[in-house]
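**Student:** First, the structure itself, so that you have it in front of you.
Every read-out reported here was derived from the displayed coordinates using simple, explicitly stated rules and does not represent laboratory data. Since we're looking at a predicted model, the values are computed, not measured. Glycine gets a Cβ as well: all are built from the backbone with ideal geometry, and neighbour counts include every protein chain shown.
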């Protein structure tokens, strides 16, 4: 019995020691690391530069006051349709003349009286000229009869003819003098017109004789009204802005200068998030040759370059889109079809070269690759990988060449 008990005790001790050893070995053995896997595939790749943009009418027209005067209240509103040279968008009156003080008024009244007296003198001179012309005409007719009968001499006939011409010239001079005096009288009376005289005219209902209509310069819509209330404005003051939203709408985006150098005139543009689900088509038509310093929302100083984009989609595809609306512009700077691609999240730098970890038989294999264009999600593979191979996404510093791995989805 003692021998059998001693043997059983040794077996138990050995078994316990073996179990502890196996447990320690298993605990010290490296565990496979959980990883996310992606696939090397073929497909189409488009590289874009995305930026917020704003719509605007390419050619706007500002209606302004042609002369200094009183602008009447604007009855038109933004969005109203207007027709070129037909729609009256505003009306104004010339500036009221200054109010006359007592001395100036008395001088003006005296000038009117003097002009009236001169006119009467001119009329009297005309009557005298008419009488003289009538007398010389009778003398001429009588002398001509005597000359034709051989009684009067040729010299007498010439004197009568000259006297007739002089009488006619005196009458024409008197008529011209009357015209001059009448103009002087009108001018003198005009100097009497003051603010109070126009107020009297308005009070009796004569308020439309001197209004100046302002017509629309184009067919389109009113975009903005700068001055709606009745007021007095100088010449050249802006009143409203008019443009053709249907045919002249374009998009303006401001790109960071490092992005702008990658854009060329003619690049196609996809316009999204403008308020409807259908994307709009556009094309880059102009890139400013200079940059403007601006600050981002975080206060970072940036050099921004303005890029103008023409809308290719017809007006029927963008109902409701107007001047000054926000949208998202995706400028296509490169695209290709049926190329080898790898998820961009699998790429990292190793000794200055781009590399990935291939997942093969539960082991991570470090592989160098040569890449091309990228859209931020997928990257073109030029060499180093084959289609349908699995790669590790977001590789951590704990993964090395030859590390045991297991897909996260299989845990």
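**Student:** Could you give the length gained by full extension between residue 230 and residue 23, i.e. 0.36 nm per residue of separation minus their alpha carbon distance, to one decimal place?
**Tutor:** 65.0 nm
**Student:** Related question: Return, ordered by residue number, the residues of the stretch 376-405 whose backbone nitrogen is under 16 Å from a label point located 7 Å along Cα→Cβ of residue 361.
**Tutor:** Taking a point 7 Å out along Cα→Cβ of residue 361, the residues of the stretch 376-405 whose backbone N falls under 16 Å are 390, 402-405.
**Student:** Further question on the same structure: Between residue 166 and residue 120, what's the calculated FRET efficiency when r is the beta-carbon distance and R0 is 30 Å? Round to 0.05.
**Tutor:** 0.80
**Student:** What share of all Cα pairs of the stretch 26-173, in percent, falls into each consecutive 5 Å distance bin?
**Tutor:** Going out from 0 Å in 5 Å bins, the stretch 26-173 shows 1, 6, 6, 6, 5, 5, 4, 4, 5, 5, 5, 5, 5, 5, 4, 3, 3, 2, 2, 2, 2, 2, 2, 2, 1, 1, 1, 1, 1, 1, 0, 0, 0 percent.
**Student:** Still on this structure: Please state the equivalent ellipsoid semi-axes for the chain: what are the square roots of 5 times the Cα gyration tensor eigenvalues, largest first, in whole Å?
**Tutor:** 106, 27, 17
**Student:** R0 = 30 Å: FRET efficiency of residue 336 with residue 394, Cβ-based, nearest 0.05?
**Tutor:** After rounding to 0.05, the efficiency reads 0.70.
**Student:** As I understand it, the value is the acute angle between the Cα axis of helix 2-28 and the longest principal axis of the Cα atoms of the chain; what does it come to in degrees, rounded to 10?
**Tutor:** 20 degrees
**Student:** May I ask you to compute the full-extension gain from residue 68 to residue 219, defined as 0.36 nm times their residue separation minus their alpha-carbon distance, rounded to one decimal in nm?
**Tutor:** 51.7 nm
**Student:** Moving to a separate point now. Across the stretch 102-193, what fraction of all alpha-carbon pairs, as a whole percent, falls in each successive 10 Å bin from zero upward?
**Tutor:** 18, 28, 20, 15, 11, 6, 2, 0
**Student:** Right, next: Sort 56, 408, 159 so the one with the fewest other Cβ atoms within 10 Å of its own Cβ comes first.
**Tutor:** 408, 159, 56
**Student:** Taking the DSSP beta bridges in the chain as the whole, what percent of them are antiparallel, to the nearest 5?
**Tutor:** Taking every DSSP beta bridge within the chain, about 95 percent pair in antiparallel fashion.
**Student:** Something else about it: How much FRET efficiency would the formula 1/(1 + (r/R0)^6) give for residue 101 and residue 180, where r is the Cβ-Cβ distance and R0 is 35 Å, rounded to 0.05?
**Tutor:** Approximately 0.75, to the nearest 0.05.
**Student:** Ok, one more. What would the Debye formula give as log10 I(q)/I(0) at q = 0.11, 0.13 Å⁻¹ for the alpha-carbon point model of the stretch 278-411, no solvent?
**Tutor:** -0.69, -0.82
**Student:** Moving on. How far is helix 154-190 tilted, in degrees, relative to the longest principal axis of the Cα atoms in the chain, given as a value from 0 to 90 rounded to the nearest 10?
**Tutor:** Roughly 50 degrees between the two axes.
**Student:** Name all residues of the stretch 267-308 having a backbone nitrogen under 13 Å from the label point set 7 Å from the Cα of residue 326 along its Cα→Cβ direction, giving them as ranges.
**Tutor:** 273-275, 297
**Student:** Please work out the Cα center distance from the stretch 250-302 to the stretch 331-386, rounded to the nearest Å.
**Tutor:** 28 Å
**Student:** How far is helix 102-149 tilted, in degrees, relative to the longest principal axis of the Cα atoms in the chain, given as a value from 0 to 90 rounded to the nearest 10?
**Tutor:** 50 degrees
**Student:** Follow-up. Under a point spin-label approximation (7 Å from Cα along Cα-to-Cβ), what is the residue 300-residue 270 distance to one decimal in nm?
**Tutor:** 2.5 nm
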